[in-house]
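Q: Right, I'll just put the structure down here and ask away after.
Bear in mind that the values in this text are calculations on the coordinates, not laboratory data. As the structure is a computational prediction, the values presented were derived from the model and not from experiment. FYI the Cβ positions are ideal-geometry reconstructions off the backbone, even for glycines, and counts take in every protein chain you see.
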Amino acid sequence: MKVLVLGGDGYLGWPTAMHLSEQGHQVTAVDNYLRRNLSRDENVEALYPTPDLVERAAIWKQHTGKDIGVRIGNLCDWDFLAGVFAEAGPECVIHYAEQPSAPYSMLNRETATLTLQNNLNATANVIFAVKEFCPTAHIIKLGTMGEYGTPNIDIEEGWLDIEHNGRKERFLYPRAAGSLYHTTKVQDTDLLWFYVRTWGLCITDLMQGPVYGIHTDESRHSESLLPFFNYDELFGTVLNRFIVQAVVGYPLTVYGKGGQTRGYLNIRDTLQCVRLALENPAAQGELRIMNQFTETLSVNDLAELVRDAGTATGLDVRIKPVENPRKELEEHYYNPRHSKFSELGLQPTLLTREILVEMLETVSRYADNIDTGKILGKNATWAK
Ligand SMILES: NC(=O)c1ccc[n+]([C@@H]2O[C@H](COP(=O)([O-])OP(=O)(O)OC[C@H]3O[C@@H](n4cnc5c(N)ncnc54)[C@H](O)[C@@H]3O)[C@@H](O)[C@H]2O)c1
């Protein structure tokens, strides 16, 4: 299949591009290096340097003989995006290309505006491009479990049946995002749903939980093929940060009571889920929503698992609760469904000690690069 991976330089985009190329798809990766530039501007660069997208595609070709096309440009620039779609003629469009950090979106007015404009314009342009150039292509869009928030009832997979005054209707499950970034994802879902109703597009919106991990099957060829790995509070996800903290003897910083529970998944399972969605597309005129995670864990659970794995490898790991910079419930009910991917055949990679030890060992090789001053950084608070 001809596949566009938008955001193909990113933490998830690059491993996805390699995975689908390995499976025999004709992949073009598109990116404008926004993520690299923001990390550099905020002085929170990743744990190890990663070659740029053009260089990575060349390294991939050297090891596998397979081509990944590369286009560098901004999805918000219609002329650029139209050119990419006209040339690539995609049958499937995987849309990762957004500003993905909740804390970054909450830093100040400029970062909030960048997040709003970038994410909504990029998504709108992708919809317009599909309508104009390939109206039957399947859009796979990355949303987040954070769209739902932490309601005091079970979370369904995207939709909720409501009975009101004796009549029934199916609505998008109520969203209650906890940051501006998450709010842009809610707005994306609304845009997608509007254009499915209006133009009969074919869309899968994936409500993904926080992802952890470094290695995928395709990165075995060379460490130069590993994805970015951020460990700062702006761009590092919680488990990736804890691993780095454990390696340098920095206490695992649990925000507040640590009862914040989310649905997590290994980066290998992100690839599996996206591939399963691609191989089993939504119907034309359908907005299919799937919850993409494999297990629910609290921040305290994660800290304890990392401490156990670290201790097993001879590290001295301590856990330290710190004041919570975020506005969020620290103890809450959390019961999201996630059966649709199991039904499609997902084989979960659960968070075992073995997986944690592999991550600790990889990060240890780059221990000299870790700048502990970047772990808590500006400690952005939601109230600013
Ligand atoms: N990583 C996670 O834990 C996680 C969890 C849930 C959802 N998601 C979502 O998955 C997607 C990928 O996440 P990630 O962690 O790989 O983020 P990332 O920042 O590493 O990747 C996103 C990529 O998109 C590019 N990009 C952003 N705006 C662009 C634009 N206007 N034009 C061209 N390229 C642009 C960035 O440069 C970056 O390389 C995001 O949409 C994110 O919100 C991620």
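Q: So who's got an amide H within less than 5 Å of the one on GLN208, skipping anything under 5 residues away but keeping other chains? H placed 1.01 Å off N, in plane.
A: GLY143, THR144, MET145, GLN292
Q: Cβ neighbours within 10 Å, averaged per peptide: list 132-140, 225-233 in order, most packed at the top.
A: Details: 132-140: 19.4, 225-233: 22.8.
So the peptides 132-140, 225-233, ranked by packing, come out 225-233, 132-140.
Q: Output ³J(HN,Hα) for the range 20-25: one whole-Hz value per residue in order, computed from phi by the Karplus curve 6.51 cos²θ - 1.76 cosθ + 1.60 with θ = phi - 60°, and x for Gly and Pro.
A: 6, 5, 4, 6, x, 7
Q: Oh, and also: Hey, got the dipole for the range 269-384? About the Cα centre, +1 on K and R Cβ, -1 on D and E Cβ, debye to the nearest 20?
A: Details: 14 positive and 18 negative charges, 91 e Å.
Using Cβ point charges on Lys, Arg, Asp and Glu, the range 269-384 gives about 440 debye.
Q: For the chain, count the residues as N, evaluate 2.2 N^0.38 Å, and divide the Cα radius of gyration by that value, please.
A: On the way: Rg = 20.1 Å, N = 384, 2.2 N^0.38 = 21.1 Å.
Its radius of gyration relative to the 2.2 N^0.38 Å reference: 0.95.
Q: Listed highest first by mean packing, meaning other Cβ atoms within 10 Å per residue, what order do 322-333, 287-298, 235-246 come in?
A: On the way: 322-333: 14.6, 287-298: 21.9, 235-246: 24.8.
The peptides rank, most packed first, as 235-246, 287-298, 322-333.
Q: Would you list, by chain and number, the aspartates and glutamates whose Cα falls below 20 Å from the Cα of LYS340, excluding same-chain residues fewer than 8 positions away?
A: GLU147, ASP154, GLU156, GLU157, ASP161, ASP205, ASP269, GLU279, GLU286, GLU295
Q: Calculate the dipole size of the range 248-332 relative to its Cα centre from +1 charges on Lys and Arg beta carbons and -1 charges on Asp and Glu beta carbons; express the result in debye to the nearest 20.
A: Numbers: 10 positive and 12 negative charges, 39 e Å.
The dipole magnitude comes to about 180 debye.
Q: Please give the Cα centre distance for the range 277-349 versus the range 170-240, rounded to the nearest Å.
A: Measuring centre to centre over Cα atoms gives 13 Å.
Q: Among 201-214, 156-169, what's the highest-first ranking by average C-beta atoms within 10 angstrom per residue?
A: Working: 201-214: 23.4, 156-169: 10.8.
In decreasing order of mean packing, 201-214, 156-169 become 201-214, 156-169.
Q: Could you give me the ³J(HN,Hα) list for the range 237-250, computed from phi with Karplus coefficients 6.51, -1.76, 1.60 and θ = phi - 60°, whole Hz, x at Gly and Pro?
A: 7, 4, 5, 4, 5, 4, 4, 5, 4, 4, 5, 9, x, 8
Q: Could I ask something else about it? Going by the alpha-carbon gyration tensor, a ≥ b ≥ c the square roots of its eigenvalues, is the range 1-92 rounded (a/c under 1.5) or, if a/c is not under 1.5, prolate (a/b greater than b/c) versus oblate? The partial results should precede the final answer.
A: On the way: a/c = 2.28, a/b = 1.20, b/c = 1.90.
Oblate, because a/c is 1.5 or more while a/b does not exceed b/c.
Q: Sticking with this one: Tell me, what does the Kirkwood hydrodynamic radius of the range 81-218 come to in angstroms if you use every pair of distinct C-alpha atoms?
A: Details: mean 1/r = 0.0608 Å⁻¹.
Every distinct Cα pair counted, the radius reaches 16.5 Å.
Q: Classify the range 291-384: rounded, prolate or oblate, from the alpha-carbon gyration tensor (a ≥ b ≥ c, eigenvalue square roots; a/c under 1.5 rounded; otherwise prolate if a/b is larger than b/c)?
A: On the way: a/c = 1.98, a/b = 1.16, b/c = 1.71.
Since a/c reaches 1.5 but b/c is at least a/b, the shape of the range 291-384 is classed as oblate.
Q: With +1 assigned to the C-beta of every Lys and Arg and -1 to the C-beta of every Asp and Glu, and no other charges, what is the dipole magnitude of the chain about the Cα centre in debye, to the nearest 20?
A: Values: 36 positive and 49 negative charges, 78 e Å.
Using Cβ point charges on Lys, Arg, Asp and Glu, the chain gives about 380 debye.
Q: A follow-up question, please. Applying the Karplus parametrisation 6.51 cos²θ - 1.76 cosθ + 1.60 with θ = phi - 60° to the phi angles of the range 135-150, what ³J(HN,Hα) value in whole Hz is obtained for each residue in order, glycine and proline being reported as x?
A: x, 9, 5, 8, 8, 10, 10, 8, x, 8, 4, x, 4, 7, x, 10
Q: Can you tell me what share of the DSSP beta bridges in the range 131-278 is antiparallel? A percent to the nearest 5 is fine.
A: On the way: 6 of 15 bridges.
So the antiparallel bridges amount to about 40 percent of the total.
Q: Can you compute the helix-only [θ] at 222 nm over the chain? Use -39500 (n - 2.57) per DSSP H run of at least 4 residues, normalise by all residues, nearest 500 deg cm²/dmol. Mind dumping the intermediate values first?
A: Working: 13 runs with 150 residues, N = 384.
It lands at -12000 deg cm²/dmol.
Q: Where both partners of a DSSP beta bridge lie in the range 252-348, what percent of those bridges are antiparallel, to the nearest 5?
A: Values: 4 of 8 bridges.
Of the beta bridges lying entirely in the range 252-348, close to 50 percent run antiparallel.
Q: What is the range 194-268 by shape, rounded, prolate or oblate, if you read a ≥ b ≥ c off the alpha carbon gyration tensor as root eigenvalues and call it rounded for a/c under 1.5, prolate for a/b larger than b/c, and oblate otherwise?
A: On the way: a/c = 3.15, a/b = 1.46, b/c = 2.15.
Oblate, since a/c reaches 1.5 and b/c is not below a/b.
Q: Now a separate question. Going Cα to Cα from LYS185, which lysines come in below 16 Å? Please leave out same-chain ones fewer than 8 positions away.
A: Cα-Cα hits under 16 Å: LYS141.
Q: Along the positive direction of the dipole of the chain (beta-carbon charges: Lys, Arg +1; Asp, Glu -1; about the Cα centre), which of THR352, TRP199, TYR264 reaches farthest?
A: Farthest towards the positive pole: TRP199.
Q: Same structure, new question: Counting only other residues whose beta carbon sits under 11 Å from that of THR183, what net charge do I get with K and R as +1, D and E as -1?
A: Numbers: positive: ARG175, LYS185; negative: GLU147, ASP188, ASP190.
Net local charge, THR183 excluded: -1.
Q: Let me ask you something else. Starting from the Cα of ALA86, step 7 Å toward the Cβ, then list every residue of the range 108-130 with an amide N under 17 Å from that point.
A: Once the point is set 7 Å along Cα→Cβ of ALA86, 126, 128-130 turn out to lie under 17 Å by backbone N, inside the range 108-130.
Q: Restricting to Cα pairs below 8 Å that are 6+ residues apart, what does the relative contact order work out to for the range 259-302? Please round to a whole percent.
A: 72
Q: Give the distance, in whole Å, between the Cα centre of the range 8-29 and the Cα centre of the range 87-129.
A: 19
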